[in-house]
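Taking it in order: structure first as structure tokens, then the write-up.
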RNA sequence: GCCGGUGUAGCUCAGACUGGCAGAGCGAAUCCUUCGUAAGGAUUAGGCCGAGGGUUCAAAUCCCUCCACCGGCUCCA
């Protein structure tokens, strides 16, 4: 009888009979654990507790207290949905229904349902949960399974591809319902405490645009009703943070149907924030040895024919016919910057040359992609291009990553990092790619950054490091980026004279600290929930006169605080109403000014965290705020701890 | 680009299913109130009901086309 070695999470090795199941091993560890076993994680993959172990593996037992339990529960919830669906719509065909980070979805076809139908399906699902049906695993010959699905080409496709090598496949059944599925699942439908269907949308079969469109229903499930309620409440709060809503409320920006889709109009409040953001990176860039340049919004398309972008992206460019010549709005800044580099001859001693520009670009993205400020047709990149010697790549990338980390830290943002490697279609030799990739990776390691390798996801011209943010609705968006480029120096025939008096090819580095201002603006708006730090807030202080008689004194204070963005609320409202409005407008500081203050020559300060204090010296307030703004503090601190 | 949903006053939304005078709250303007830490009162103005076409005695409402937005998919130099 042969054995295999199972390594437990704490590193303990355990010899068990080959073919033992996850559950067997759990019982071996302890009878209590055996009874509690829901599933297992074998070499990182969630599997059914009846899965046999046929090789040496790492094993983690999943119980109701494991993080993975929620995944298992939601997988079962997907089946409950499918069962409910088939009870109400017997013609419905199932495809795949996995769990996700926040719940599950099931892709279906053969039914015509819309949002209004979800209620009835959800009610039926509640019924199935109430019935507390046992969930059983059944093994079937692949051939038999194939016949069972003779009217479902999607399941047959799965059997022909994913399960092609297996002799037997697993089905899970609950009551009258059955589904081809790898599992794992919970023991019975009654384990689901809270169940909700959330959205209905569409997806392509296997994610390929040319394939059939399926109906996708999203839902979620929790062990308890309370946990579900909490989730729904958080979801509702997240919707409140949506930058499109806050942008409207705070008059930051708008996108008008008449002026065009994806073309944001920044209102005065939004532009004030943009200016602060722009000044901030301009300072960082100058300190880091960049020179500012400027290029126009329109170029002859010859430029992109030269750079190679034209043939790939001409369909997504805004083209203009000028005197029978083709021009286009610029979709990227790099060819302009490369052209500026071309205007001089360079010595190896001059490199690196670093250019930056807040460059507005125009990309005619697919219509269905446009979304607030996250994805637009017109956006501004805080775009930098470095022209470096090959031996300078690592140092310059390191410095760039440093600035990016500083920037993200200033705004106190959460992010993830992706390292994207050589795609199938690429330019440049093997050697230079390998070198470049190892240099980027060395920087990430040196900085101790957690990152995910996105194999083959790099640009055709070089590998890149992307920093990504999550928006209020949980969607991910690329922000800051560092990209190596071997292509453009080639296409523009860029060169510098080396120590050896020979012509050499520089490498270009594309980088952005924010990415696009639009997207970064979205991230900040949602991150701060519109409560921008004082240094960014479009209105930093609002003076609230108690009666009209105090307006003159307010004007005097406004003078004294003229380094800040200060307004006076002069509408003939009650003080309470003025305070409410100032809170709604998310103003960091409001000063209530009445006869008492006027006589004493002071102010009363209230902040948006509802702290308040009377009899404040104006100079003290001003000095504190100057520091707060200068240091780019993310919180209102004047009344903190007083 | 694909599938589904939505589009009514500056904003948030009712009215639509079942065709018959276009509504409410907030905001705005004017007047009263001059108020002490989260909504004082009154009056008035404000609309090509996304656009175009059709059905009908009659269309915000029913049908068609287009546009825009929302969710997801796909794409993202």
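The values are calculated or read from the model by the stated rules, or taken from the named source; none is laboratory data. Here the structure is a predicted model, which is why all the values come from computation and not from measurement. Neighbour counts are summed over all protein chains in view; Cβ atoms, including those assigned to glycine, are modelled from backbone coordinates with ideal geometry.
On the given criteria, is residue A:159 within 16 Å of RNA strand B (Cβ to nearest atom) and either touching a strand residue (DSSP E or B) at 6+ places or on another chain (Cβ under 8 Å) or part of a loop (DSSP other than H, G, I, E, B) (or both)?
On the way: within 16 Å of RNA strand B (Cβ to nearest atom): no; either touching a strand residue (DSSP E or B) at 6+ places or on another chain (Cβ under 8 Å) or part of a loop (DSSP other than H, G, I, E, B) (or both): yes.
Taking the combined requirement at face value, the residue does not satisfy it.
Return yes when residue A:488 is crowded, with 22+ Cβ neighbours inside 10 Å, modelled with pLDDT under 95, within 15 Å of RNA strand B (Cβ to nearest atom) and closer than 23 Å to residue A:394 by Cβ and no when it is not. Let's see the steps before the verdict.
Details: crowded, with 22+ Cβ neighbours inside 10 Å: yes; modelled with pLDDT under 95: yes; within 15 Å of RNA strand B (Cβ to nearest atom): yes; closer than 23 Å to residue A:394 by Cβ: yes.
Against the criterion (crowded, with 22+ Cβ neighbours inside 10 Å, modelled with pLDDT under 95, within 15 Å of RNA strand B (Cβ to nearest atom) and closer than 23 Å to residue A:394 by Cβ), residue A:488 qualifies.
Do you know which residues across region A:1-29 are on the phi < 0 side of the Ramachandran plot, without any contact (Cβ under 8 Å) to a residue 12 or more places away in the chain and out of contact with any helix residue (DSSP H, G or I) (no Cβ under 7 Å at 6 or more places or on another chain)?
A:10, A:12, A:13, A:24
Take the residues of region A:568-582 that are crowded, with 16+ Cβ neighbours inside 10 Å and without any contact (Cβ under 8 Å) to a residue 40 or more places away in the chain: which is farthest from RNA strand B (Cβ to nearest atom)?
Going through the qualifying residues, I end up with A:568.
Is region A:526-548 home to any residue that is near RNA strand B (Cβ under 8 Å from one of its atoms) and out of contact with any helix residue (DSSP H, G or I) (no Cβ under 6 Å at 6 or more places or on another chain)?
yes
Going through A:429, A:458, A:474, A:479 one at a time, which residue ends up being in the same structural domain as residue A:271 (by TED's automatic domain parsing) and at positive phi? Write out each step before concluding.
Numbers: A:429 fails: at positive phi; A:458 fails: at positive phi; A:479 fails: at positive phi.
Being in the same structural domain as residue A:271 (by TED's automatic domain parsing) and at positive phi holds for just one of A:429, A:458, A:474, A:479, which is A:474.
Could you identify the single residue in A:270, A:336, A:328 that is modelled with pLDDT of 95 or more, within 16 Å of RNA strand B (Cβ to nearest atom), surrounded by 18 or more Cβ atoms within 10 Å (Cβ to Cβ) and outside any helix (DSSP H, G or I)? I'd like the intermediate steps shown before the answer.
On the way: A:270 fails: outside any helix (DSSP H, G or I); A:336 fails: outside any helix (DSSP H, G or I).
One residue alone meets the criteria, A:328.
Within region A:74-88, can one find any residue that is in contact (Cβ under 8 Å) with a residue 12 or more places away in the chain, touching a strand residue (DSSP E or B) at 6+ places or on another chain (Cβ under 8 Å) and either farther than 30 Å from residue A:114 by Cα or part of a strand (DSSP E or B) (or both)?
Scanning region A:74-88 turns up no residue that is in contact (Cβ under 8 Å) with a residue 12 or more places away in the chain, touching a strand residue (DSSP E or B) at 6+ places or on another chain (Cβ under 8 Å) and either farther than 30 Å from residue A:114 by Cα or part of a strand (DSSP E or B) (or both).
Is it the case that residue A:457 is out of contact with any strand residue (DSSP E or B) (no Cβ under 6 Å at 6 or more places or on another chain) and either part of a loop (DSSP other than H, G, I, E, B) or at pLDDT 90 or above (or both)?
Values: out of contact with any strand residue (DSSP E or B) (no Cβ under 6 Å at 6 or more places or on another chain): no; either part of a loop (DSSP other than H, G, I, E, B) or at pLDDT 90 or above (or both): yes.
No.
Take region A:339-351 and flag every residue that is touching a residue at least 60 places away in the same chain (Cβ under 8 Å) and either within 12 Å of residue A:489 (Cβ to Cβ) or not in a helix (DSSP H, G or I) (or both).
The answer is A:341, A:342, A:345, A:346, A:347, A:348, A:350, A:351.
Would region A:586-593 turn up any residue that is at pLDDT 95 or above and more than 20 Å from residue A:635 (Cα to Cα)?
Quick first cut of region A:586-593, residues at pLDDT 95 or above only: A:586-593.
Checking which are more than 20 Å from residue A:635 (Cα to Cα) leaves us with A:592-593.
Within region A:586-593 (the criterion being at pLDDT 95 or above and more than 20 Å from residue A:635 (Cα to Cα)), the answer is yes, since at least one residue qualifies.
Is it the case that residue A:196 is within 16 Å of RNA strand B (Cβ to nearest atom), under 14 Å from residue A:128 (Cα atoms) and either at pLDDT 90 or above or in a strand (DSSP E or B) (or both)? Show your work before the answer.
On the way: within 16 Å of RNA strand B (Cβ to nearest atom): yes; under 14 Å from residue A:128 (Cα atoms): yes; either at pLDDT 90 or above or in a strand (DSSP E or B) (or both): yes.
Yes: the conditions hold for residue A:196.
All but one of (1) farther than 13 Å from residue A:483 by Cβ; (2) crowded, with 16+ Cβ neighbours inside 10 Å hold for residue A:467; state the number of the condition that does not hold.
The one condition residue A:467 does not meet is (1).
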